[in-house]
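Read-outs: derived from the displayed coordinates by stated rules, not from any lab. Keep in mind it's a predicted model, so treat the numbers as computed, not measured. All Cβ positions, glycine included, derive from the backbone under ideal geometry; neighbour counts span all protein chains shown.
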Amino acid sequence: MILMWKFPAGINIDDVRQLRGEEGSYLNPVQDAKDNWIVSDEEYCMAEFQYLKRDYPDIWAGMERIPYEPKPTPPIE
């Protein structure tokens, strides 16, 4: 089972996508099959994003690890 980090309800994902890591990378939240906004364990644990946990504790305190349920891939026509 793959676990991902789910953002709390009510978070503006467009704002989250603008958060830049200390080395210039951006977070890349995606939606799973249940429409949860998630980031990978790798992104959540990356050293360059650790400052976000300090600067935005309300967001990070509400995050939870959930099983990843990918969206079904549409058939190729």
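Numbers below:
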| read-out | value |
| --- | --- |
| Qualifying GluC sites (Glu not before Pro) for segment 1-50 [loop in DSSP, other Cβ within 10 Å: at most 13] | 22, 23 |
| Efficiency of FRET from Cβ geometry, residue 77 and residue 23, R₀ 35 Å, rounded to 0.05 | 0.30 |
| Extension gain from residue 9 to residue 31, taking 0.36 nm per residue of separation minus the Cα-Cα distance | 6.7 nm |
| Charge context of residue 63, other residues only, Cβ under 12 angstrom, K/R +1, D/E -1 | -1 |
| Where trypsin sites (Lys or Arg not before Pro) fall in DSSP loop in segment 30-77, at most 13 other Cβ within 10 Å | 34 |
| Proximal aspartates and glutamates to residue 34, defined as alpha-carbon separation beneath 14 angstrom and excluding residues fewer than eight positions away on the same chain | 69 |
| Ellipticity estimate at 222 nm from DSSP helix runs (n ≥ 4, -39,500 (n - 2.57)) divided over the chain, nearest 500 | -5500 deg cm²/dmol |
| Estimated Rh, segment 3-67: Kirkwood, alpha-carbon pairs, angstrom | 11.9 Å |
| Net lengthening on full extension, residue 59/residue 45 (0.36 nm per residue, minus Cα-Cα) | 3.6 nm |
